[in-house]
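Report on the following structure.
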């Protein structure tokens, strides 16, 4: 199994024999176990690697386990990494309180029971893997949301284009209908004007033609008013309560 697919844990202890014993106890094919014999070396490894769990000795020369844990918890990259303190000091409340204060999730006291340690490590490794799965799933869901938003935008654009085409179709139909409606009174108007010129010396016929011209003019006026009354941006509610353009107008 390549290192990239292995889960990493870090063991920190100033005694080499303790490091060797813990590595031998916890070693398994799906784990990459890294070790550090001081707090400073541990912090250096944490900068370059992501660990599922840190096993940290409290009593170390120079920077002790509490100080190391405090710095780990202040680092953005490692602040959520669980820390199990391994210690030979007593179980006094002051040490326990200090440990949880700097970010410990558990304490193990020497001599360590091998089965208990292996079981606890296995639990934290599984929790780490589940968290990675959730993070991956979350990123995939976010990607799907972006894709759906883009698809929605394209659908909206297509709908707007359809509406524009339907509007144009309606306007062309309206223009044809209007031309047909206007044709008859216009022909009557022109015809009566021509007859008026022909019979201008006959008062009775002049009045008759003027009446018909007036009648044709009123019909044309009514058609024009109907056209002016059309609202091209009229909206109505769809069943989903979304506003849509009323094409039927």
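Bear in mind that the values in this text are calculations on the coordinates, not laboratory data. Since the structure is predicted, the reported quantities are computational estimates derived from the model, not experimental observations. Here Cβ is always computed from backbone atoms with ideal geometry, including for glycine, and neighbour counts include all displayed protein chains.
Remarks
- Length gained when the stretch residue 126-residue 45 is fully extended (0.36 nm per residue, less Cα-Cα span): 27.0 nm
- Crossing angle, helix 65-74 versus the chain [Cα axis fit, 0-90 degrees, rounded to tens]: 10
- FRET efficiency for residue 199 and residue 171, using Cβ-Cβ distance with R0 set to 51 Å, rounded to 0.05: 0.80
- Cα-based convex hull volume of the range 67-137 per residue, rounded to whole Å³: 88
- Whole-number percent relative contact order across the chain, with pairs defined as alpha carbons under 8 Å at least 6 apart: 11
- Tensor-based shape of the range 2-41 (alpha-carbon gyration tensor, a/c under 1.5 rounded, otherwise prolate or oblate): oblate
- Shape category assigned to the range 3-112 from the gyration tensor of Cα positions, a/c cut at 1.5: oblate
- Applying 1/(1 + (r/R0)^6) with R0 = 51 Å to the Cβ-Cβ distance of residue 142 and residue 95 gives a FRET efficiency near 0.75.
- Paramagnetic reach from residue 134 (point 7 Å along Cα→Cβ, amide N under 14 Å) across the range 1-40: none
- Computed label-point distance, nm, for sites residue 220 and residue 25 using a 7 Å Cα→Cβ extension: 10.6
- Length gained when the stretch residue 6-residue 67 is fully extended (0.36 nm per residue, less Cα-Cα span): 19.1 nm
- Each Cα pair under 8 Å and six or more residues apart adds its separation to the average, and for the range 51-171 the resulting relative contact order is 22 percent.
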